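Presented below is the structure to which this report refers.
Derivation of every value follows stated rules applied to the coordinates shown; laboratory data play no part. Quick caveat, the model's predicted, so the values are computed rather than measured. Because the Cβ atoms are built from the backbone with ideal geometry, glycine has one as well, and the counts that use them run over all protein chains shown.
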Amino acid sequence: MTWDDMQPLLWTATQETFQMVGIATLVTLLLGLPLGVLLVLTDQGGPLRNRVVNKVVGAIVNVGRSLPFVILLVALIPFTRWVVGTSIGWQAATVPLAVGAIPFYARLVESAVRGVDRGLVEAVHAMGGSTWSVVRKALLPEALPALVSALTTTVIALIGYSAMAGTVGGGGLGNLAITYGYMRFETNFMIVIVIELVLLVAAVQLVGDLAGRRLSHRGGPASLLARLRRA
Amino acid sequence: MITTKGLTKVYRAGDRQVTALDGVDLHVREGEVYGVVGTSGAGKSTLIRCVNMLERPSSGTVTVDGLDLTALPGGEHRAGRELREARRRIGMVFQHFNLLSSRTVQQNVELPLEITGLDRHARRRKAAELLDLVGLADKARSYPGQLSGGQKQRVGIARALAGDPKVLLSDEATSALDPETTRSILRLLRDLNQQLGLTVLLITHEMDVIKTVCDSAALMRGGRIVESGTLTDLLADERSELARELFPLSEFGTGRPDATVLEITFQGDSSGRPFVSQLARTYQIDVNILGAAVETVGGKLVGRMRVELSGSHRDNVVPIGYLREQGLQVDVLTNTVNGAVA
Ligand SMILES: Nc1ncnc2c1ncn2[C@@H]1O[C@H](COP(=O)(O)OP(=O)(O)O)[C@@H](O)[C@H]1O
Ligand SMILES: [Mg+2]
């Protein structure tokens with residue numbers, strides 16, 4: 001295969017990968033973030049402490065996290081068909097991707113939010129804030145750099161999973177790698193695809209790191225280090 | 001302004017339980033600076049946290065500015081609407097400042113106003129005013145991470161004042177600061193108390209803090225208040241442990257066994273009068289000074305002197321009466337031989 005043959009295929013597959021990872025990320029953020037926050041709030045010592053809710057949500061998240069992605073991919077087929085009307089193509093792949101990533105992100109969110117100084121929660125309570133104020137004014141803004149880095153990790157995991165989904169008809173770069181690189185022994189094409197995936201992951205990591213650094217560039221520990229280095 | 005009655009707090013951790021507060025009756029009058037002092041673990045933090053219901057007392061009542069907070073619904077972490085509104089009128093400052101690192105100084109001060117729902121314009125104006133009041137107008141755009149400890153606490157104080165509270169609670173606000181900075185923060189608290197008529201309840205483990213800013217003080221031990229009162233009254237009480245610590249005299253001599261040893265405490269304007277020489281002249285007696293000290297306690301000059309008069313207590317009844325007539329507080333120290341007690 002020549003580069004000219006590869007290019008249109010690569011372009012389409014890249015778009016598909018972007019779409020499924022993008023949508024899955026969005027859904028993960030929308031559901032994983034509240035879930036992670038809920039885990040902290042309902043824990044003992046949290047403002048909404050509730051053993052039952054905490055244990056149930058925790059258990060669901062744990063099961064979701066421990067299921068191998070390949071199993072999820074197959075097991076969710078009926079659900080996927082119900083949600084998007086089909087079980088093949090990149091659209092179908094977004095469902096298991098999101099379902100797999102939500103508990104993953106939720107746990108990362110939980111630990112990020114847990115890292116926020118309890119004194120801040122207390123300060124908001126002392127000034128007459130509600131639980132919602134605590135979340136919106138203290139927990140989320142203070143955990144933001146950690147939440148961004150958690151999202152970066154999640155997106156990178158999603159790119160990996162999306163390649164896996166591709167191998168079972170999910171479209172995207174993974175699909176391309178299987179149909180051409182593996183089944184048709186196009187080794188060069190395979191190498192190109194792998195390089196693209198590596199670059200993609202590196203780019204996401206870079207953007208995530210930059211964003212995280214910018215957000216925490218507030219004279220906190222990060223800039224203290226910077227100051228020390230300058231001194 | 002703040003009254004607690006029979007305040008009890010029991011923490012349960014599994015089958016173990018800790019009684020952090022054991023029937024605390026506290027009365028803080030409007031416009032005074034009230035200090036609670038005690039060693040670590042005495043229950044001071046628990047007490048101050050009960051005042052704004054960050055901690056629900058196990059029993060007893062807390063009244064702040066006429067409102068019984070214990071009667072308001074809601075748990076400690078999930079306060080009902082009324083309790084949240086009551087808390088907005090009670091400022092609180094913390095040992096570790098508890099500022100949001102993600103917000104600028106100005107935004108930190110605006111936080112309570114956002115919670116109250118004030119509009120942007122009014123918030124900004126109020127925050128600028130408060131920062132000016134605490135002397136940090138030029139730091140509005142800095143982040144807390146760029147400030148010194150003393151500056152952070154000033155931001156904490158500005159934030160606590162955002163809701164125009166009548167009461168300010170301070171939980172070891174100066175314990176993380178060096179002595180110099182501590183003094184400047186205490187001076188600020190004192191100024192705010194005087195300028196705004198703010199009632200301040202502060203807790204500390206440092207006697208110096210009590211001495212510098214407080215009008216009244218209480219000593220806590222094992223979850224109980226073992227003594228309390230205005231500094232003036234405490235200093236006038238020879239048995240007061242607080243007074244001993246505020247004004248230690250232990251290094252003074254105890255005198256000869258056949259003499260009468262007096263401890264004379266004078267406050268305010270009586271400190272300037274030459275009563276020792278007057279005493280000696282009027283009664284033709286020898287007065288031997290064993291020790292003396294003058295200090296500023298709660299903004300007032302307080303002196304204490306230990307003197308020795310020859311002869312027994314009975315021989316000296318008249319001179320002692322004379323001193324008391326001068327408005328001085330005179331305690332006759334128990335002496336090993338004549339066993340005289342005031
Ligand atoms: N949340 C808690 N759970 C269990 N015990 C506590 C808790 N908070 C305080 N205590 C206990 O209550 C006692 C008083 O604590 P505290 O009020 O913090 O004292 P202080 O502020 O005077 O040092 C201590 O024995 C402490 O261990
Ligand atoms: Mg304490």
Fill in: Two-site FRET efficiency, B:TYR283 against B:ASP237, from Cβ-Cβ distance with R₀ of 22 Å, rounded to 0.05
0.25
Worksheet item: By its C-alpha gyration tensor, with a ≥ b ≥ c as the square roots of the eigenvalues, how is segment B:18-82 shaped: rounded for a/c under 1.5, else prolate for a/b larger than b/c, else oblate?
Response: oblate
Worksheet item: With chain B treated as a Gaussian network of Cα nodes joined by springs under 10 Å, which of B:GLY23, B:GLY117, B:GLY311 yields the largest mean-square fluctuation?
Response: B:GLY117
Response to the item:
The long-range amide H neighbours of B:ALA42, using H built 1.01 Å from N in the peptide plane and a cut-off of under 5 Å, are none
Worksheet item: Of B:GLY303, A:LEU30, B:VAL51, which is farthest along the charge dipole of the protein assembly as shown in the positive direction, counting Lys and Arg as +1 and Asp and Glu as -1 at C-beta?
Response: A:LEU30
Worksheet, complete the sentence: For segment A:46-157 the mean separation of alpha carbon contacts under 8 Å (6+ apart) over residue count, i.e. relative contact order in percent, is 25
Worksheet, complete the sentence: Taking a crude spin-label model, label points 7 Å out from Cα along the C-beta direction, the B:ARG125 to A:ASP4 distance in nm is 7.2
Worksheet item: What is the distance in Å between the Cα centres of segment B:1-27 and segment B:195-226?
Response: 18
Worksheet entry | Value in Å of the Kirkwood radius, where chain A supplies the Cα pairs that are averaged | 19.5
Worksheet, complete the sentence: GNM of chain B, Cα pairs under 10 angstrom: of B:GLU180, B:GLU85, B:GLU32, the biggest fluctuation goes to B:GLU180
Worksheet item: Under a Cβ-Cβ cut-off of 13 Å, what is the net charge of the residues other than A:VAL192 that fall near it, where Lys and Arg count +1 and Asp and Glu count -1?
Response: -4
Worksheet entry | Residues with amide H under 5 Å from that of A:GLU186, placed H, sequence gap 5 or more | A:GLY181
Worksheet item: Out of the DSSP beta bridges found with both residues in chain B, what percent are antiparallel (nearest 5)?
Response: 70
Worksheet item: In whole Å, what is the distance between the alpha-carbon centres of segment A:42-61 and segment B:91-108?
Response: 29
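With +1 assigned to the C-beta of every Lys and Arg and -1 to the C-beta of every Asp and Glu, and no other charges, what is the dipole magnitude of segment A:86-228 about the Cα centre in debye, to the nearest 20?
For this selection, approximately 360 debye.
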Discussion item. Can you tell me which of B:SER58, B:SER101, B:SER45 moves the most in a GNM of chain B? Springs connect C-alpha atoms under 10 Å apart.
Written reply: B:SER101
Response to the item:
Computed ³J(HN,Hα) along segment B:57-66: with the Karplus parameters 6.51/-1.76/1.60, θ = phi - 60°, integer Hz and x for glycine or proline, the list is x, 5, 7, x, 10, 10, 10, 10, 6, x
Item to complete: Just name one of B:GLN106, B:SER170, B:GLY74: the one whose Cα is farthest towards the positive end of the charge dipole of segment B:59-188 (beta-carbon charges, Lys/Arg +1, Asp/Glu -1).
Response: B:GLN106
Worksheet entry | Mean Cα-pair separation over length for chain A, i.e. relative contact order, pairs under 8 Å, 6 or more apart, % | 25
Worksheet item: Among all the lysines, which ones have a C-alpha under 19 Å from B:LYS9's C-alpha, if same-chain residues fewer than 8 places away are not counted?
Response: B:LYS44
Item to complete: Could you work out the relative contact order of segment B:26-129, using alpha carbon pairs under 8 angstrom and six or more residues apart, expressed as a whole percent?
Response: 13
Worksheet entry | Nonlocal amide H pairs with B:VAL36, under 5 Å, H built at 1.01 Å | B:LEU202, B:ILE203, B:THR204, B:ALA218
Worksheet item: How large is ³J(HN,Hα) for each residue in segment A:2-19, as worked out from phi by the Karplus curve 6.51 cos²θ - 1.76 cosθ + 1.60 (θ = phi - 60°), to whole Hz, x for Gly and Pro?
Response: 8, 4, 5, 5, 6, 3, x, 4, 4, 4, 4, 5, 5, 4, 4, 4, 4, 5
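Can you give the net charge of the other residues whose Cβ lies under 14 Å from the Cβ of A:GLY174, counting K and R as +1 and D and E as -1?
Values: positive: none; negative: A:GLU16, A:GLU196.
Net of charged neighbours comes to -2.
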Worksheet item: Each residue of segment B:40-50 in turn: what ³J(HN,Hα) in whole Hz from Karplus with 6.51, -1.76, 1.60 and θ = phi - 60°, glycine and Pro shown as x?
Response: 4, x, 6, x, 5, 4, 4, 4, 5, 6, 6
Worksheet item: With charges only on Cβ, +1 for K and R and -1 for D and E, what is the dipole size of the protein assembly as shown about its Cα centre, in debye, rounded to 20?
Response: 1220
Discussion item. How much length would be gained if the chain were fully extended between B:SER40 and B:ARG12, taking 0.36 nm per residue of separation minus their Cα-Cα distance, in nm to one decimal?
Written reply: 8.2 nm
Item to complete: Identify all lysines with a Cα-Cα distance to B:LYS126 below 30 Å; exclude those on the same chain that are fewer than 8 residues away in sequence.
Response: A:LYS137, B:LYS139, B:LYS152, B:LYS166
Worksheet item: Residues with beta-carbon under 11 Å from that of B:LEU147, excluding B:LEU147: net charge, scoring Lys, Arg +1 and Asp, Glu -1?
Response: +3
Practice prompt. May I ask which residue of B:ILE210, B:LEU231, B:ASN316 lies farthest towards the positive end of the charge dipole of the protein assembly as shown, with charges of +1 (Lys, Arg) and -1 (Asp, Glu) on Cβ and the Cα centre as origin?
Written response: B:ILE210
Item to complete: First check a/c for segment B:13-151, with a ≥ b ≥ c the square roots of the eigenvalues of its C-alpha gyration tensor; if it is under 1.5, answer rounded, and if not, answer prolate when a/b is larger than b/c or oblate otherwise.
Response: prolate
